[in-house]
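The values are calculated or read from the model by the stated rules, or taken from the named source; none is laboratory data. From a predicted model like this one, the values you see are computed outputs, not experimental measurements. Cβ placement follows ideal geometry from the backbone for every residue including glycine, while neighbour counts extend to all protein chains displayed.
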Amino acid sequence: MGADRIRMLTRGLAVAAALLLLLAPAAVAQEGTPLHMTVSPKAEFTSFSCTDPVNPFLCDVTATGEVHSNLSTTSGTVDYTLVVDFSPSFDAPCNVVDETGVFTFESGTITVHSHHQDCPATIRPGPRIVTDFQVTGGTGAFAGATGSGVEHGQSTIIYNGTIFI
């Protein structure tokens, strides 16, 4: 009877350990929060510099604007750092943009990054902006934030996705 009891306890412990291992990832998984940010069409360029002698159409650009988000009861600001490639000329209908945006709200900042080709709606891949973005960090209430979504727009730029805090 002692050996049967030990065998039963051993099996019980093995089943409990297996259940614990199966449930552990669910306990560790983060639940995402919907992220929606809308940048006002009144965003302003604050600097524009094209100083690369090898590619005079490669420009460093900064811009700032007002942003509204479901994560803040008050409006905030966004500061963009952009590298824009206008090649083959400034008259080209499309350009390629490497974009980092820092969205500042009362409770902290959210940093996003995207890379996209911008073209008018009449030229593929138009419209002006349709691309994926990644949440790459944050501060304050958004410290360590990650996530992703879709950025789209012409004059108003909209970010829809999921943020993990």
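At-a-glance table
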{"item": "Residue within region 117-130 that is part of a strand (DSSP E or B) and within 11 Å of the chain's Cα centre (by Cα) present", "result": "no"}
{"item": "Condition met for T46 (closer than 20 Å to T131 by Cα and assigned to a strand (DSSP E or B))", "result": "no"}
{"item": "Candidate set from region 74-91 (those that are in contact with a Phe, Trp or Tyr (Cβ under 6 Å, 6 or more places away or on another chain) and part of a loop (DSSP other than H, G, I, E, B)); member that is nearest to S47 (Cα to Cα)", "result": "F86"}
{"item": "Subset of region 61-99 [of a type in the set (S, T, Y) and closer than 14 Å to I157 by Cβ]", "result": "T64, S69, T77, Y80"}
{"item": "Filter result for V150 (β-branched (V, I, T), within 23 Å of P34 (Cβ to Cβ) and surrounded by fewer than 16 Cβ atoms within 10 Å (Cβ to Cβ))", "result": "yes"}
{"item": "Test for Q117: is it surrounded by 13 or more Cβ atoms within 10 Å (Cβ to Cβ), more than 20 Å from G76 (Cα to Cα) and polar (S, T, N, Q)", "result": "yes"}
{"item": "Given (1) in contact with a helix residue (DSSP H, G or I) (Cβ under 8 Å, 6 or more places away or on another chain); (2) surrounded by fewer than 17 Cβ atoms within 10 Å (Cβ to Cβ); (3) not β-branched (V, I, T), number of the condition F90 does not satisfy", "result": "(1)"}
{"item": "Residues (over 17 Å from the mean Cα position of the chain (by Cα) and touching a residue at least 24 places away in the same chain (Cβ under 8 Å)) located in region 66-82", "result": "E66, T74"}
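For every residue, the table says whether it meets (1) over 19 Å from K42 (Cα atoms); (2) modelled with pLDDT of 95 or more; (3) acidic (D, E).
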residue	(1), (2), (3)
D118	no, no, yes
V135	yes, yes, no
A141	yes, yes, no
T146	yes, yes, no
I158	no, yes, no
T162	yes, yes, no
I165	yes, no, no
